[in-house]
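Notes to accompany the following structure.
The values are calculated or read from the model by the stated rules, or taken from the named source; none is laboratory data. Computed from a predicted structure; not experimentally measured. Positions of Cβ are generated from backbone atoms using ideal geometry, with glycine treated the same way; all protein chains shown enter the neighbour counts.
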Amino acid sequence: MMHVIRDPGPTSPPDIVLEGRFTAPDLRRYSLVPFQVEPGHHQIHVRYSYTDRIDADQFLSGGNTLDIGLFDPRGTETGSMGFRGWSGSDQLEFVVGDEWATPPYTPGPILAGTWNLLLGPYKVGPRGCDWSVEIGFDRGIPPLERELVRAGEPRSPSLPEARAGWLRGDLHCHTRYSDGDSWPSEMLHAGAETGLDFLGVTDHNTIAHVAEYGAGGSGRPIVIPGVEVTTYGGHWNAWGTDRWWEFRAPEASGVEQAMTEAADAGAFVSVNHPKPFGPAWEYDTIRSMHAIEVWNGPWARLNSAALDFWEARLRLGQRLVAVGGSDTHILRRRVTDPRHTQALGMPTTWVEAGPGADAAAIIDAMRAGRTFVSAGPAGPQLYLEPKGRGVEVSVRGGSRRSLIVQDDKGAIGAAAVESEDWSTTVAVPSASTYVRAQLVAANGELQALTSALWWPPHA
Ligand SMILES: [Zn+2]
């Protein structure tokens, strides 16, 4: 149900109004809404509104949340250059022009031909969702002025040294290229002041942020380019990729196909925050990921469910790497939104990438499972290595915590960590299929966990 009103008059903006209605059967199904652009335009202004609007917060229901994106005439198919951006429900208006565009939209020529709005009814309330999109051409809107609250030389904190060849980083964060509140340079500045060696940059359904981030390094974290592919049934990260991946398909088969294509193209892929309110992961059958984000934000925020999700798959023999990410969205103000209490580096993912590692070497180390995750950049550090018929576990900065070593059947060793630089060996049953270690504080909260070491090693 949609009609198009063209050219309402030379004096009365907008130039095009598109209207329609979504009802319950449209829920979580993207629609393309075409409109024509004549030759000679330089800027498109899009403004949209809809009835019974509520926030995207998954705890809210009873109203409508409508996501929006934009394709130019080069096409709407997966990976197409015609994709000019997707802003979820975060921005009710945006500009796309040949000179500049509102992040995350991509600036460039305003090609003549058929453009498509992408509309996604993430929530549809009981009264349905009546929507209206106004499009105006060549309004001469100037670019957003940027006020940077973080600039200048970052001050690195003093942190306990990592073992030679190990780097610490955060694999998951958001800027104004999706629903974050800061710019890439500010995120890198904050990463440096947190003491991170690398930063995975994962705005939702876009790679437009990657160009602005650059490569990082030189006193700032090394940038691991990435995207958080945000579907209506769960989120997954792809790192080491320079294109967007299909996020519109809501069924498991479509999500699996996109993930497999990303993996085949060389990306390293994780299922993100598979826990209640993560949002959760609804695609139980999918097997094409390399890693699980077992720790997203503060441990107490139901991450034990993500750990269970990972461990259940390890027990099935799925060689999934453990990674963590803070999912930081906010750097500029005091955080009051319960969804976003994160701080960069909480948790921190550590990788053994060798001296002088670049982004590719860091991704290779993740791929090889040489990772552990700790509560923060200060640790505690937890190293697990094969030794004889067992493993050696070394802990730095973890005194007064309990170490638990487990295989596919349960605990095979436990000890109290007695000093700040401490190690122990644990025998591993020959029937074990994997070994992993974790450190637990006196209050029961996890402080660090390693990836699984598949057993026997070098088999
Ligand atoms: Zn997410």
Which residue pairs have Cβ atoms closer than 6 Å, lie 6 or more positions apart in sequence or on different chains, and pair a first residue in region 203-217 that is aliphatic (A, V, I, L, M) with a second residue that is within 16 Å of the ligand (Cβ to nearest atom) and in a loop (DSSP other than H, G, I, E, B)? I207/W244; A208/P104; A208/Y177
Please work out which one of (1) in a loop (DSSP other than H, G, I, E, B); (2) under 13 Å from P103 (Cβ atoms); (3) out of contact with any Asp or Glu (no Cβ under 9 Å at 6 or more places or on another chain) is the condition T175 fails and give its number. (3)
For the subset of region 439-450 comprising residues that are surrounded by fewer than 21 Cβ atoms within 10 Å (Cβ to Cβ) and in contact with a strand residue (DSSP E or B) (Cβ under 6 Å, 6 or more places away or on another chain), which member is farthest from R315 (Cα to Cα)? A441
Keeping to region 212-232, report how many residues are farther than 23 Å from S89 by Cα and either of a type in the set (A, V, I, L, M, F, W, C) or within 16 Å of the ligand (Cβ to nearest atom) (or both). 4
Among the residues in region 332-347, are any surrounded by fewer than 19 Cβ atoms within 10 Å (Cβ to Cβ), of a type in the set (D, E, K, R), assigned to a loop (DSSP other than H, G, I, E, B) and at pLDDT 95 or above? no
Test T349 against the stated conditions and say whether it is within 16 Å of the ligand (Cβ to nearest atom), touching a Cys at 6+ places or on another chain (Cβ under 6 Å) and at negative phi. no
If you take the residues in region 143-169 that are modelled with pLDDT of 95 or more and over 16 Å from G219 (Cα atoms), which one is surrounded by the most Cβ atoms within 10 Å (Cβ to Cβ)? W166
Considering residues of region 272-306 that are under 18 Å from A258 (Cα atoms) and acidic (D, E) only, the residue nearest to the ligand (Cβ to nearest atom): E282
Got a sec? Which strands (runs of 3 or more DSSP E) wholly within region 393-459 have at least 3 residues that are touching a Ser or Thr at 6+ places or on another chain (Cβ under 7 Å)? 411-416, 434-440
Would you say A375 is surrounded by fewer than 19 Cβ atoms within 10 Å (Cβ to Cβ) and not hydroxyl-bearing (S, T, Y)? no
In region 242-261, which residues are within 21 Å of V210 (Cα to Cα) and within 16 Å of the ligand (Cβ to nearest atom)? W244, W245, F247, A258, M259
Here are some conditions: (1) touching a Cys at 6+ places or on another chain (Cβ under 8 Å); (2) part of a helix (DSSP H, G or I). H189 meets all but one. Which one does it not meet? (1)
N237 being crowded, with 22+ Cβ neighbours inside 10 Å, at positive phi, within 16 Å of the ligand (Cβ to nearest atom) and not aromatic (F, W, Y): no
Determine, yes or no, whether D327 is within 23 Å of R28 (Cβ to Cβ) and touching a strand residue (DSSP E or B) at 6+ places or on another chain (Cβ under 9 Å). yes
Going through region 373-392 in order, the residues found to be in a strand (DSSP E or B), within 22 Å of W299 (Cβ to Cβ) and touching a Gly at 6+ places or on another chain (Cβ under 9 Å) are V373, S374, G376, G379, Q381, L382
